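The values are calculated or read from the model by the stated rules, or taken from the named source; none is laboratory data. Note that the structure is a prediction, hence the values are computed from the model and not measured. A quick note on method: Cβ atoms are made from the backbone with ideal geometry, for glycine too, and the neighbour counts reach across all protein chains shown. The accessibility values were calculated without ligands, DNA or RNA, using every heavy atom of the protein model including side chains. Shrake-Rupley method; radii C 1.70, N 1.55, O 1.52, S 1.80 Å.
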Amino acid sequence: MFTALLGAVAQGILWGAMVLGVYITYKLLDIADLTADGSFAFGGCVCAVMIVNFNINPLLALLFATFAGMIAGFITGALHTIFEIPAILAGILTQISLWSINLRVMGKSNIPLLKTNTIFSWLTDATGMSNAVAGVILGGIIIVLIIMILYWFFGTELGSALRATGNNEAMIRALGVNTGHAKLLALVISNGLIGLSGGLIVQSQKYADINAGTGAIVIGLAAIVIGEVILGKVISFWMKLSAAVVGSIVYFVIRGIVLQLGMDANDMKMLSAIIVALALAVPVMSAKIRAKRAYSPKGE
């Protein structure tokens, strides 16, 4: 059980980069970007092809995975901001096309990396530790670096304008900010992180599959909501980013426990939907109950 839970923690951390990407579009821009499912697999496929077919350094392969995700985000952003296609439809269009693109990139539905080096195998071979422990250590370092960079970026003038676009688009446009460019940049950054996460998962699991990103947006939303429920209404921006990663870890730990208890793996998508629904519904129902009690006449 402990080994399985440690593996779940490692998965939660590595998926944390994807969750942070979803956080940027969902929480900062109020857009449920469905590109995530496609860009996650795209990043993983590109990473695998670079390592297996071109013998690229695994660290450099992660940069290619990030760049692949950024391209996917740029396409969605262009469809939305330039051609004025609704954001959710633009994400769907990109996601659908990426399935075929991923198949073209790999040439087949999956690629094993069992005989190749990865950033995790470097650590496991050097120290003898398990892949799960290596995932926790390397994933933790990468996530901390990402949070630090995002915290710095969103504190700059450009990053503040991006956050303001999600808070009050009309106001920030009146101040002379091109909100279309801000949305495009946010989608590029978001999907770059999602592509990076796809590359990390591929190197951790030692295989790439074109269906790897299915349900990624649901996992991302679940992790964000779970993190908010656990840590409450935090004010600091870096705490909000950290809460998203904590939510990702908790989500995968829940999945790991349920699987250990004997739940069919085919039911995991249904479980994911239930977790998201409960995480969204419980705070709303609690607020309604508190409001009703506050306005109820005394004695009732």
Which of the following residues is closer than 16 Å to Gln205 by Cα, of a type in the set (A, V, I, L, M, F, W, C) and under 11 Å from the mean Cα position of the chain (by Cα): Ile51, Ile24, Ile13?
Ile13
One residue from Ala277, Ala265 being surrounded by fewer than 14 Cβ atoms within 10 Å (Cβ to Cβ) and under 29 Å from Pro58 (Cβ atoms)
Ala265
Taking the condition of being among the aliphatic types (A, V, I, L, M), open to solvent by less than 10 Å² (accessible area, probe 1.4 Å) and under 19 Å from Phe120 (Cβ atoms), how many residues in region 9-48 meet it?
5
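Residue by residue, here is whether (1) of a type in the set (Lys, Arg); (2) farther than 27 Å from Gln260 by Cα; (3) touching a Ser or Thr at 6+ places or on another chain (Cβ under 6 Å) holds:
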| position | (1), (2), (3) |
| --- | --- |
| Leu6 | no, no, no |
| Gly12 | no, no, yes |
| Gly21 | no, yes, yes |
| Tyr26 | no, yes, no |
| Gly43 | no, yes, no |
| Val46 | no, yes, no |
| Gly69 | no, yes, yes |
Residues that are surrounded by fewer than 19 Cβ atoms within 10 Å (Cβ to Cβ) and hydrophobic (A, V, I, L, M, F, W, C), drawn from region 162-176:
Ala164, Ala170, Met171, Ala174, Leu175
When the residues of region 128-148 are narrowed to those that are loosely packed, with under 12 Cβ neighbours inside 10 Å and either touching a Leu at 6+ places or on another chain (Cβ under 8 Å) or modelled with pLDDT of 95 or more (or both), which ends up nearest to Gly21 (Cα to Cα)?
Leu145
I need the full set of residues from region 210-235 which are open to solvent by less than 40 Å² (accessible area, probe 1.4 Å) and not in a helix (DSSP H, G or I), in order please.
Ile210, Gly213, Gly215, Gly232, Val234
Residue within region 45-61 that is in a helix (DSSP H, G or I), among the aromatic types (Phe, Trp, Tyr) and farther than 23 Å from Gly166 by Cβ present
no
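What residue, of Ile147, Ile137, is in contact with a Phe, Trp or Tyr (Cβ under 9 Å, 6 or more places away or on another chain) and either assigned to a helix (DSSP H, G or I) or closer than 30 Å to Ala10 by Cα (or both)?
Ile147
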Of Leu89, Leu114, the only residue that is among the hydrophobic types (A, V, I, L, M, F, W, C) and closer than 30 Å to Ala164 by Cβ is Leu89
